[in-house]
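Structure record follows, encoded as structure tokens.
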Amino acid sequence: MKVYRNLSIKMKVFLMIVLILILIISMAFGSLYYAYSIYDKQLYDKSYRLLNLSSTTIDMELKKLESMTLTMIADRQIQEGLKELRKDDSDFTGYVTRQMIADRLWTHISMDERYIQSVHLIDSQGKVSRYGETILFTEEKSARMTREAEAGNGAVRWLYPDDSDPMLVMVREVRAYDPMTLDKLGTLYLRINIGRLAQDYAGVAAEESDIILKAGQELVYPYRKVADGVTAVLQPLKSGAGYEIKEMNGEVAFVSQKQSSYSGWTYYNYVSYNDIFEKTIWLKNTMIIVFGIAIVIIIALGMSFARNLTQPIRSLISQMKEVQYGDLDSMDTKLMAPPLQQMDEVGLLQRTFRQMITQINTLIKENYANQLIIKETEFKALQAQINPHFLYNSLDSIHWLAKKSEHAQISSMVVSLAFLLRSSISLKQNVITVAQELEIVKHYITIQNYRFQKRLDFHMEIPEVFNTVSIPKLTLQPLLENAIQYGVETMIEPCQILLYAEPFDGKLAIVVEDRGPGMEADFLKRLLNGEVETRGTGIGLLNIRDRVRLAFGEEYGIYVESTVGFGTKVSVLLPFPQEV
């Protein structure tokens, strides 16, 4: 942060533009990649759903074929023929029986012969009744089929395509059902064209896609058309179903998988990643290039903008440095307004600076001319200081002369007048104690008692505990003067004036209360708003209120109450220290 604060405005503006640019680009990239990720996921899900549909359809067809084999081996005529061949296998009888069995086999497969390459039924004599393509199995393949059929105990078992036969073979034993002895009567082989079945129901999984069926590590489809490297990479996912991206034969491929609950086989569908996302990848690369060009352009524009913004400020700083070193004479030619002055904030700042320097030069010249007048004024002010001292000395002489002539009243009034004069002229203290303010009040009342005699009934009751409380100088005396002017002077009979102190809402209130004629509420409101021209000393209520607030805060000041015919009460609110 310290380094940033010390950078120039040009660099700060440039960094701000770069940070905003990075933020906007990051948000744009994030949004686009988020959208692409959703799009990719939808493609993945669609590919997986299509594979799921294809595998389900193939499983349904295989279940139909299994059901058809069950119908075959349970066929009464086939059962009777196989039993008869166990008893009599003569040439004629065997031929007729096996021909009948072949006809029955054709009857059962005639509806699904599209996917059945051939059907073989081997009787107890080891001879074959067949329908469809003629094929000779190797001894090893025949022995393996027999073992698988026996291991199935009447259930379906599968033999996968190999070099001797590219067809999927379904084998199962034929057992005696009537009566239910379950004696072995023969073995049924059903050769299924799995390639044609997969093309019909799984070829729609995706364009340019490849469908692979595996039973464990055995390849079911397509046989001898898939590279060994691809087959080795295709292994079941941990979840049993889903999709992932794998590297196959040097290229990245999208692989989705579905495990069959019927056969236990795993269906794979793999598509070249670049084939699916070729346009998406092109858009991403194009977007990166466009954003890169935009960054370069915006940075160049940002540098130009920052330079144009700070150049006038640099010029202004240069002029300020010349003023700092006092070179005002050379500023006259530079203060001329440029022909094309910009009127933005910086232009207004330059204009204001030129006006300020011009005014400073004028003031300097005027100040030089006024120095003689100031010196002369100071000399006259020193002479004027003699006048108050002359007045004090004169009053003091009158005091001693009255005292010598035994005129006690004159002496007392002169002493009080001198004290009041000295207190009002002295500027050493603006805030004094209550005790000092009460001394001023006493001298003022002394003079007024000689003036009004019995018409002034003044009472002061302020405990000495409040003597140390602070109060602005000449606060109470103007209030007493107002009470005399608006109370005593307007009445013929004696007017009572009270000066006392009391607590008020956590503060100290010093109250000046008179029993004079009082004021109407409207007049009092206009008086407090400064709308009434006062008479007297000129130190009115508003002046006192402002001085108290200035000294102690806005929560202090004065509070006025007045009732026509009952008098006026003015409270001065002062801070009330806890120790007091």
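The values are calculated or read from the model by the stated rules, or taken from the named source; none is laboratory data. Fair warning: this is a prediction, and the values are worked out from it, not measured in the lab. Glycine also receives a Cβ, built like all others from the backbone with ideal geometry; neighbour counts cover every protein chain displayed.
Condition check for LYS63 on (1) out of contact with any helix residue (DSSP H, G or I) (no Cβ under 8 Å at 6 or more places or on another chain); (2) modelled with pLDDT of 75 or more; (3) surrounded by 17 or more Cβ atoms within 10 Å (Cβ to Cβ): one failure, at (3). When MET60, MET72 are checked against the criterion of being within 30 Å of GLY242 (Cα to Cα), of a type outside the set (Ser, Thr, Tyr) and over 26 Å from the mean Cα position of the chain (by Cα), MET60 stands alone in meeting it. Under the condition of being buried (at least 21 other Cβ atoms within 10 Å of the Cβ), touching a Lys or Arg at 6+ places or on another chain (Cβ under 8 Å) and within 15 Å of ILE447 (Cα to Cα), the residues counted in the stretch 477-496 number 1.
So, of the residues in the stretch 424-453 that are under 22 Å from TYR500 (Cα atoms) and of a type in the set (Ser, Thr, Tyr), which turns out to be modelled with the highest pLDDT? Per the criteria, the residue is THR433. Does SER8 fit the bill of being free of Cβ contacts under 8 Å to residues at least 12 places away in the same chain and farther than 27 Å from LEU182 by Cβ? The answer is no for SER8. Note on the stretch 444-475: residues that are touching a residue at least 60 places away in the same chain (Cβ under 8 Å) and more than 60 Å from the chain's Cα centre (by Cα) total 1.
Just to be sure before I move on: is ASN370 of a type in the set (S, T, N, Q), over 58 Å from the mean Cα position of the chain (by Cα) and at pLDDT 75 or above in the structure I sent? When the stated conditions are applied, ASN370 does not pass them.
Does MET27 satisfy the criteria of being closer than 30 Å to VAL296 by Cβ, aliphatic (A, V, I, L, M) and in a helix (DSSP H, G or I)? So MET27 fits the description; yes. Of the residues that make up the stretch 520-534, is at least one modelled with pLDDT of 90 or more, surrounded by fewer than 16 Cβ atoms within 10 Å (Cβ to Cβ) and more than 60 Å from the chain's Cα centre (by Cα)? Checked against the condition, which is being modelled with pLDDT of 90 or more, surrounded by fewer than 16 Cβ atoms within 10 Å (Cβ to Cβ) and more than 60 Å from the chain's Cα centre (by Cα), the stretch 520-534 yields no hits at all.
Listed by first and then second residue, the pairs linking a residue in the stretch 551-580 that is touching a residue at least 40 places away in the same chain (Cβ under 8 Å) and of a type in the set (Val, Ile, Thr) to a residue that is surrounded by fewer than 18 Cβ atoms within 10 Å (Cβ to Cβ) and assigned to a loop (DSSP other than H, G, I, E, B), with Cβ atoms under 8 Å apart and 6 or more places separating them unless they lie on different chains, are VAL564/PRO517; VAL564/GLU520; VAL580/THR468.
Among the residues of the stretch 483-520, which ones are of a type in the set (D, E, K, R) and assigned to a strand (DSSP E or B)?
Matches in the stretch 483-520: GLU502, LYS507, GLU513, ASP514.
For the stretch 556-580, the candidate set comprises residues that are part of a loop (DSSP other than H, G, I, E, B) and at pLDDT 90 or above; within that set, the residue that is farthest from GLY540 (Cα to Cα) is PRO575.
Results for (1) of a type in the set (D, E, K, R); (2) at pLDDT below 80; (3) outside the structural domain of VAL128 (by TED's automatic domain parsing), shown as yes or no for each residue.
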residue	(1), (2), (3)
ALA155	no, no, no
LEU159	no, no, no
ASP165	yes, no, no
ARG175	yes, no, no
LEU185	no, no, no
LEU197	no, no, no
GLU207	yes, yes, no
LYS225	yes, yes, no
